[in-house]
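First up is the structure itself, then whatever we jot down about it.
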Amino acid sequence: MSLNAALKETLGLDGLEYRHDLGKDALFREALANDRGRIRADGPDDEPKAYETALGLEGPLVYYSDPSCTGRPVQDTFAVAWPEVEDKLWWKSDFQKFDPDHFGPLLERVAAHLNERGRHLYVQDVHCGWDPAYAVPYRFVGEYATHALFATNMFASGVDVADPESKRWTLLDVPSFHCDPERDGTLSARAVIIDMRNRVGLVLGRADYCGVVKKTMFTVMNYLLPEIGEMPMHCSANVGPRGDGAILFGLSGTGKTTLSADPERELIGDDEHAWTADGVSNFEGGCYAKLIDLDKAAEPVIAAALSMPGSVIENVPPLPDRPLAETDPQDLDLSDNAITENTRLSYPLAANPNVADGARGPHPETIVLLTADAFGVLPPVSILDTRDVMYHFVSGFTAKLAGTEVGVNEPKAAFSACFGAPFMAQKPSVYAEILAEKMKTHRARCILLNTGWSGGPHGVGKRISIQHTRALLNAALAGELDADKVGYDNHPIFNLAMPTACPGVPTEILNPRNTWEDKHAYDVQAEKLRDMFRENYRSKGFDALGIEAVM
């Protein structure tokens, strides 16, 4: 079927010009010439959205999303509640039901809007996943060349999928269409809607943050893979010189990207993966790195990618004393959060110096659940059995610093099921059960690795050194923390198995209570965090989902 016929059948588009599978240079030029929208809260809807730097075509594209959408619009994200999926999907505040009776008429209105405007659209055909056994053909259709360039960076190409038309997903991205909540059944003038039955995604209105193009498809994959008994994961992954694979789950700030970038190990990817019968493989063809306060010396790959042709810098403000066209991208102020804390850089996976062939690797020997405990009470490393894994996986805990008032350093607990709750389309227990089964089948070990504080909470104690964290991780990867190699103590409050020794790590820090001067204060703080875990378990209804409480 021709492209025109396919888009007419799938979306109702008719008589439009499609700029299909343009190269990165062409998309760069198209973005400068044609991408228009709002970039200031009080600005018009026809300002340029994309800009070049002093490097021109040999450097990055700088893009500004709508100021109301500098991250994913989670409160405006939906799935169509078709009867066949309604009981499977995990409905929550950032993934809500959309009335099927509203979806068809809304799609018709969007198509009519585009047909009447008669302007060209950009179409990029890519793949989500490098393994042909599960990879999904992904067709981006949208108004912005920047988004098409982003899709080209972030997804795989050249994957040989059998019968692609029967598996293809299509995303229609239309910033110029503003919803009418009363008429369209949305909550606001923008919406991100996933239709599992017809394999269509809609992104409408002021929802033009680039990450929507990526995370919408990740949510789809998180629905599709469990349907075939496979495991989608929000994690980084790498493989060691003896072919020993590892996956690292973790929320923002826990070290997922930093710890997976090991010069002694090949990188499979840093964010989204599948664990299937064939091993671990990346969903993506690129990286989407945070830029705020980037330490270029510590993150040289990201720093170099700032100047790469075809990369996309998102929402970093221009310098006050010169236009972007006269600015070297290395001179941009990456500490400037005037637009958002969530400044980003999209660049190809190949920019990394040591990528595993085909972005694929073996079954993992080691599973790492990362947390950064700012309460200062969790052990630096704990060994988890199957029950522990399922509990801590669905808990998805880390602790963030409050930072909202001067002098207030009380940490805040953050729980995100499966270390990516907003993107988990099915219920958390589905993923936990698949993870536990795969770990059993492939005899994978699991550790809970704490990259947070020791000797007291943030403001009193010190963050566990990266050297000690790497030593703990390396020991686990080498099997040196296995039961036949080292003894364990049981933490009486958290019921966690703590190794009594680890090469390169002072023995006294392995039990966190030893690092606190005031032991009673430690016990009080630990019980406080334990009760937060218990309340999260209760409030999320994990017991009813078959997850056993372990603390």
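The values are calculated or read from the model by the stated rules, or taken from the named source; none is laboratory data. From a predicted model like this one, the values you see are computed outputs, not experimental measurements. Using ideal geometry, Cβ is built from the backbone for each residue, glycine included, and neighbour counts are taken over all protein chains shown.
Candidates in segment 265-278 are the residues that are in contact with a helix residue (DSSP H, G or I) (Cβ under 9 Å, 6 or more places away or on another chain) and farther than 14 Å from M221 by Cβ; of these, the one that is surrounded by the most Cβ atoms within 10 Å (Cβ to Cβ) is I268.
Go through A399, A374, A338 for me and flag whichever is under 24 Å from the mean Cα position of the chain (by Cα), at pLDDT below 95, among the hydrophobic types (A, V, I, L, M, F, W, C) and not in a strand (DSSP E or B). Of the residues listed, the single one that is under 24 Å from the mean Cα position of the chain (by Cα), at pLDDT below 95, among the hydrophobic types (A, V, I, L, M, F, W, C) and not in a strand (DSSP E or B) is A374. Filter segment 473-531 for residues that are assigned to a strand (DSSP E or B) and farther than 27 Å from N238 by Cα and give the result. Matches in segment 473-531: Y488, D489, N490. Mind counting the residues in segment 279-302 that are surrounded by fewer than 19 Cβ atoms within 10 Å (Cβ to Cβ), among the charged types (D, E, K, R) and touching a helix residue (DSSP H, G or I) at 6+ places or on another chain (Cβ under 7 Å)? The number of residues fulfilling the criteria is 1.
Tally the residues that are of a type in the set (S, T, N, Q) and more than 28 Å from A111 (Cβ to Cβ), restricting the search to segment 1-56.
Residues in segment 1-56 being of a type in the set (S, T, N, Q) and more than 28 Å from A111 (Cβ to Cβ): 1 in total.
Note on segment 377-392: among residues that are at pLDDT 95 or above and β-branched (V, I, T), the one that is surrounded by the fewest Cβ atoms within 10 Å (Cβ to Cβ) is I383. Scanning segment 217-239 for residues that are in a helix (DSSP H, G or I) and in contact (Cβ under 8 Å) with a residue 60 or more places away in the chain yields a count of 10. Of the candidates R38, R72, the single residue that is among the basic types (K, R), within 22 Å of the chain's Cα centre (by Cα) and under 22 Å from A151 (Cα atoms) is R72.
Looking only at residues in segment 145-164 that are touching a Gly at 6+ places or on another chain (Cβ under 8 Å) and either free of Cβ contacts under 8 Å to residues at least 12 places away in the same chain or not in a helix (DSSP H, G or I) (or both), the one that is surrounded by the most Cβ atoms within 10 Å (Cβ to Cβ) is F155. Look at (1) among the hydrophobic types (A, V, I, L, M, F, W, C); (2) surrounded by 22 or more Cβ atoms within 10 Å (Cβ to Cβ); (3) under 19 Å from the mean Cα position of the chain (by Cα) and you find that L106 fails only one, number (3).
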